[in-house]
Amino acid sequence: MSAHESWGRFIPSEPARVVAPDWTSEIPPLDTIGGSLLAYGRGRSYGDVCLNNGGTLLDTSHLARLRSFDRENGILECEAGATLDDILRVIVPAGWFLPVTPGTKFVTIGGCIANDIHGKNHHRAGTFGRWVLSFDLLRSDGSFHCSPTENRELFDATIGGLGLTGLITAATIQMRRVDSPFVLTEAIPFRSLEEFQRISDESDAHFEYTVAWIDSFGGRNAKGIFYRGNHTNAEGRAESRPTLHIPPVGVLSASVVRGFNAAYYLMSQDAKPRVQHYDPFFYPLDAIANWNVAYGKRGFLQYQCVVQSIDATAEILDRTARSQMASFLTVIKKFGDVASPGMMSFPRAGTTLCLDFAAKHKGLLPMLDGFDELVASAGGSVYPAKDARLSPTRFREFFPQWESFAQHIDPRFSSSFWRRVTS
Amino acid sequence: MRVAIIGATSAIAEATAQNFAEEGAELFLVARNAEKLAAVAADLRVRGAARVDELVIDVARHREIVEAAGDVDAVLIAHGSLPDQRTMEREIDAQIESFNLNATSVIALAGAFANVIGDGTIAVIGSVAGDRGRRSNYVYGAAKAAIHAYCDGLRGRVNVVLIKPGWVDTPMTRGMKKNPLFADARSVGRGIHDAILRKRGTVYLPGYWRWISLIVRMLPSRLVRF
């Protein structure tokens, strides 16, 4: 029924076939399915890691059953197509929360593992992969139960392995305890990257969640809002939020974004702590079911990098401001140094910056190539889950371990991303 | 609240059951395939069902089902299958078999539950296909029409909720070409759950099928050749 596209809607892709099993017990033997294979969950990765142009997609949307939940110890087992939304409905009333969550709850557990996703608590909790106790991996040469003590190499290769090591069918995750569904949050305005750094450094020790929004028109002296928060036992109000659907019209022009940024900065000036329900705090954009269509027909590109030295970040912000290409959601955060078991995991200690651009801008791709150069010379990396245009050379620079990872790829699996960056 | 669900591994039944489970209801599930039923039951337990009983049995055995269900506040009769119309036209025995599954067993269960349910609710899944016989699916449509008439009459004795879904994206319709009128099982499941709690009489899901069906029923016979 739904098209199998990626969230950025930038790369045209058409699978030759889609296999959507209804039961884990009815997944056909992988060697009987034609074409190269790739799991597809909810299509929330931005570029082409979830696409397999001309190949077969194994759609996991019906493999979404929860299997067990140990309410004493916060251990949940579910099928790989279960979304964070499914899981939150069960765990939050029982006093548990996701150990790590991205900015949307409409992603699958399989996708969280395959992209080794991170969240606002990276400086404390590390990546999602650190909280994966085990998973079942179906490969063309058999099925494997993987954990830190069983099939360890496959476990490490699959976390952040971009779906290339086989089909994850089920996983067991360690949740984290909370006293309530509420978060005590603060929003602190800042006026430069330097100020951001200062607030971030003093916040990381006391706040589990930290992230900042900045006005992409300001360069290194951009205004921004630093958000920080902790789970709380304070009572708050759950806002019921209707989910909006917007018409697919490109509305995010430079002047709209400029106006929005100015208004947003002014409206968020109140730095008093407030009790907020987890839903609007972690998932503000989920209120608009299809916000990705606001960039118009050509779609959009996200660019997320991490670098150790803030100088490269400052230069990227300066160039973005000079380009006058509006980045609507510009997000900056300091990653911590907690290591992930994932071989190909993206997050590492440093500052991560995430920009998004409507794809229609002329000069966008050369500008992003220039960003790659800055990131490469700073020894950083770019996030595959958001990428649609990285060159093979840059990919190999950012992930020098790719060759040893490639030994763990299931020979029957491939993706548009993998073919692009290894061509 | 204790709810019996017949045909519990169907996508629509499963989606309905998830809504009851989240409210902490007790569920009694009936299906043919033990492995699939166990997967559904485990999911419903995790989602909050106070208790989930499983019975693996052929739906034609209505006496055993009603007895094992015990005291229920509602029963949802959701089993059925979409036969291939062309095959049915060639093989009359298969036609009868299909009618027995989609109509006779449903009527037997509804009738048997009616004798024990008291002021509880019997919910039955009919179909817009039963509102008017059509060239493309009249074997299926005739079975659903039989259920509709039975439910309309039974309503005089007990609470009956008759659900008439339009096209729903489920394993049953996997072979059909999809169009924008297809609904997902999740939203239909929520609609059934709400209809049962509100003891609605007849519900089209999604609601716009009421109007589509009205028009299809009003068309003169010589036009209904599709």
Checklist outcome for this item: Given the conditions (1) buried (at least 18 other Cβ atoms within 10 Å of the Cβ); (2) not in a strand (DSSP E or B), every one holds for B:K164 apart from (2)
Checklist entry - All but one of (1) crowded, with 19+ Cβ neighbours inside 10 Å; (2) within 12 Å of chain B (Cβ to nearest Cβ); (3) of a type in the set (V, I, T) hold for A:I75; which doesn't? => result (1)
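Can you tell me which of A:S61, A:S6, A:S45, A:S13 is among the small types (G, A, S) and out of contact with any Ser or Thr (no Cβ under 7 Å at 6 or more places or on another chain)?
Values: A:S6 fails: out of contact with any Ser or Thr (no Cβ under 7 Å at 6 or more places or on another chain); A:S45 fails: out of contact with any Ser or Thr (no Cβ under 7 Å at 6 or more places or on another chain); A:S13 fails: out of contact with any Ser or Thr (no Cβ under 7 Å at 6 or more places or on another chain).
Just one listed residue meets the conditions, A:S61.
In region A:217-271, which residues are among the charged types (D, E, K, R), under 26 Å from the mean Cα position of the chain (by Cα) and at pLDDT 75 or above? Talk me through it step by step, then tell me what you get.
Taking region A:217-271 as the starting set, the residues that turn out to be among the charged types (D, E, K, R) are A:220, A:223, A:228, A:235, A:237, A:239, A:241, A:258, A:270.
Among the residues that remain, those that are also under 26 Å from the mean Cα position of the chain (by Cα) are: A:220, A:223, A:228, A:239, A:241, A:258.
A:R220, A:K223, A:R228, A:R258, listed by residue number.
Would you check which residues across region A:299-333 are among the hydroxyl-bearing types (S, T, Y) and assigned to a strand (DSSP E or B) and list them? Reasoning before the result, please.
Taking region A:299-333 as the starting set, the residues that turn out to be among the hydroxyl-bearing types (S, T, Y) are A:303, A:309, A:313, A:320, A:323, A:327, A:330.
Once the filter is applied, which keeps residues that are among the hydroxyl-bearing types (S, T, Y) and assigned to a strand (DSSP E or B), region A:299-333 yields A:Y303, A:S327.
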Item to check | Options A:G259, A:G219, A:G236: the member that is surrounded by 13 or more Cβ atoms within 10 Å (Cβ to Cβ), without any contact (Cβ under 8 Å) to a residue 60 or more places away in the chain, farther than 16 Å from A:K120 by Cα and out of contact with any Ser or Thr (no Cβ under 6 Å at 6 or more places or on another chain) | outcome: A:G236
Checklist entry - Where residues in region A:365-423 are over 27 Å from A:N292 (Cβ atoms) and of a type in the set (K, R), which of them is surrounded by the fewest Cβ atoms within 10 Å (Cβ to Cβ)? => result A:R396
Checklist entry - Looking at region B:192-226, which of its residues are under 22 Å from the mean Cα position of the chain (by Cα), charged (D, E, K, R) and part of a loop (DSSP other than H, G, I, E, B)? => result B:R198, B:K199, B:R200
Checklist entry - Within the set of pairs 6+ apart or on separate chains, which have a first residue in region A:361-376 that is outside any helix (DSSP H, G or I), a second that is not polar (S, T, N, Q), and C-beta atoms under 6 Å apart? => result A:H361/A:M325
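Take the residues in region A:27-51 that are more than 14 Å from A:T165 (Cα to Cα) and touching a Gly at 6+ places or on another chain (Cβ under 8 Å), then tell me which one is nearest to the other protein chains (Cβ to nearest Cβ).
Our first condition is that a residue be more than 14 Å from A:T165 (Cα to Cα); within region A:27-51, this holds for A:27-29, A:31-35, A:41-48, A:51.
Filter once more, so that each one left must be touching a Gly at 6+ places or on another chain (Cβ under 8 Å): A:35, A:41-42, A:44-47.
Numbers: A:G35: 19, A:G41: 16, A:R42: 13, A:R44: 17, A:S45: 22, A:Y46: 24, A:G47: 26 Å.
Ranking the candidates gives A:R42 first.
Counting only residues that are outside any loop (DSSP other than H, G, I, E, B) and not hydroxyl-bearing (S, T, Y), which one in region A:35-50 is farthest from the chain's Cα centre (by Cα)?
So in region A:35-50, the residues outside any loop (DSSP other than H, G, I, E, B) come out as A:37-40.
Those still in the list that are not hydroxyl-bearing (S, T, Y) too: A:37-39.
Numbers: A:L37: 22, A:L38: 18, A:A39: 16 Å.
This residue is A:L37.
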Checklist entry - So which pairs qualify, if the first residue must be in region A:110-135 and within 15 Å of A:A385 (Cα to Cα), the second must be among the acidic types (D, E), the Cβ gap must be under 7 Å, and the two must be at least 6 apart or on different chains? => result A:T127/A:D116; A:F128/A:D116; A:G129/A:D116
Checklist entry - For A:A82, are the conditions met, namely being in contact (Cβ under 8 Å) with a residue 12 or more places away in the chain, more than 12 Å from the chain's Cα centre (by Cα) and crowded, with 24+ Cβ neighbours inside 10 Å? => result yes
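From B:R90, B:R61, B:R32, B:R45, which residue is within 18 Å of B:P171 (Cβ to Cβ) and of a type in the set (D, E, K, R)?
Details: B:R90 fails: within 18 Å of B:P171 (Cβ to Cβ); B:R61 fails: within 18 Å of B:P171 (Cβ to Cβ); B:R45 fails: within 18 Å of B:P171 (Cβ to Cβ).
Only one candidate passes the filter, namely B:R32.
Is it the case that region B:4-12 has a residue that's part of a loop (DSSP other than H, G, I, E, B), more than 12 Å from chain A (Cβ to nearest Cβ) and within 24 Å of A:A80 (Cα to Cα)? Let's see the steps before the verdict.
Of the residues in region B:4-12, the ones part of a loop (DSSP other than H, G, I, E, B) are B:7-10.
Filter once more, keeping what is more than 12 Å from chain A (Cβ to nearest Cβ): B:7-8.
Still in the running and within 24 Å of A:A80 (Cα to Cα): B:8.
Scanning region B:4-12 turns up at least one residue that is part of a loop (DSSP other than H, G, I, E, B), more than 12 Å from chain A (Cβ to nearest Cβ) and within 24 Å of A:A80 (Cα to Cα).
I'd like to check which helices (runs of 4 or more DSSP H) are fully inside region B:34-143 and have at least 3 residues that are within 19 Å of B:N159 (Cα to Cα), aromatic (F, W, Y) and in contact with a Ser or Thr (Cβ under 9 Å, 6 or more places away or on another chain). Don't jump to the end; show me each part of the working.
Numbers: elements: B:34-46, B:62-69, B:85-90, B:92-99, B:105-114.
Because the criterion is at least 3 residues that are within 19 Å of B:N159 (Cα to Cα), aromatic (F, W, Y) and in contact with a Ser or Thr (Cβ under 9 Å, 6 or more places away or on another chain), no helices (runs of 4 or more DSSP H) in region B:34-143 meet it.
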Checklist entry - Do we find a residue being more than 12 Å from chain B (Cβ to nearest Cβ) and over 21 Å from the mean Cα position of the chain (by Cα) anywhere in region A:93-105? => result yes
Checklist outcome for this item: Just one listed residue, out of B:V46, B:V40, B:V59, is of a type in the set (A, V, I, L, M, F, W, C), in contact with a helix residue (DSSP H, G or I) (Cβ under 9 Å, 6 or more places away or on another chain) and either away from every other protein chain (no Cβ under 11 Å) or surrounded by fewer than 21 Cβ atoms within 10 Å (Cβ to Cβ) (or both), and it is B:V59
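Going by the conditions given, is A:L137 aliphatic (A, V, I, L, M), modelled with pLDDT of 95 or more, touching a Ser or Thr at 6+ places or on another chain (Cβ under 7 Å) and closer than 29 Å to A:Y303 by Cα?
Numbers: aliphatic (A, V, I, L, M): yes; modelled with pLDDT of 95 or more: yes; touching a Ser or Thr at 6+ places or on another chain (Cβ under 7 Å): yes; closer than 29 Å to A:Y303 by Cα: no.
In short, no.
Has region A:16-34 got any residue that is of a type in the set (V, I, T), within 20 Å of the chain's Cα centre (by Cα) and within 30 Å of A:Q304 (Cα to Cα)?
First, the residues of region A:16-34 that are of a type in the set (V, I, T): A:18-19, A:24, A:27, A:32-33.
This time we only want the ones that are within 20 Å of the chain's Cα centre (by Cα), so: none.
Among the residues of region A:16-34, not one is of a type in the set (V, I, T), within 20 Å of the chain's Cα centre (by Cα) and within 30 Å of A:Q304 (Cα to Cα), which makes the answer no.
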Item to check | For B:V158: the one exception among (1) of a type in the set (V, I, T); (2) out of contact with any Gly (no Cβ under 8 Å at 6 or more places or on another chain); (3) surrounded by fewer than 18 Cβ atoms within 10 Å (Cβ to Cβ); (4) closer than 23 Å to B:N102 by Cα | outcome: (2)
Item to check | One residue from B:G133, B:G120 being in contact with a strand residue (DSSP E or B) (Cβ under 9 Å, 6 or more places away or on another chain) and either at pLDDT below 95 or surrounded by 16 or more Cβ atoms within 10 Å (Cβ to Cβ) (or both) | outcome: B:G120
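Go through region A:51-70 and count every residue that is part of a strand (DSSP E or B) and within 21 Å of A:F106 (Cβ to Cβ). Can you show your working first?
Pass one, region A:51-70, residues part of a strand (DSSP E or B): A:56-59, A:66-70.
Narrowing the set further to residues that are within 21 Å of A:F106 (Cβ to Cβ) leaves A:57-59, A:66-67, A:69.
Matching residues across region A:51-70 total 6.
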Checklist outcome for this item: Considering region B:168-191, residues that are within 13 Å of the chain's Cα centre (by Cα) and more than 10 Å from chain A (Cβ to nearest Cβ), and then whichever is surrounded by the fewest Cβ atoms within 10 Å (Cβ to Cβ), we arrive at B:M172
Checklist entry - Restricting attention to region A:60-72, and to residues there that are of a type in the set (G, A, S) and facing another protein chain (nearest Cβ under 9 Å), which single residue is nearest to the chain's Cα centre (by Cα)? => result A:A64
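For the subset of region B:69-97 comprising residues that are in contact (Cβ under 8 Å) with a residue 60 or more places away in the chain and under 18 Å from B:A129 (Cβ atoms), which member is nearest to the chain's Cα centre (by Cα)? Working first, answer last.
Kept after step one, since they are in contact (Cβ under 8 Å) with a residue 60 or more places away in the chain, are these residues of region B:69-97: B:69-82.
Filter once more, so that each one left must be under 18 Å from B:A129 (Cβ atoms): B:77-82.
Values: B:I77: 5, B:A78: 3, B:H79: 6, B:G80: 7, B:S81: 10, B:L82: 12 Å.
This residue is B:A78.
The values are calculated or read from the model by the stated rules, or taken from the named source; none is laboratory data. Everything numeric here is computed off the predicted structure, so don't read it as measured data. All Cβ positions, glycine included, derive from the backbone under ideal geometry; neighbour counts span all protein chains shown.
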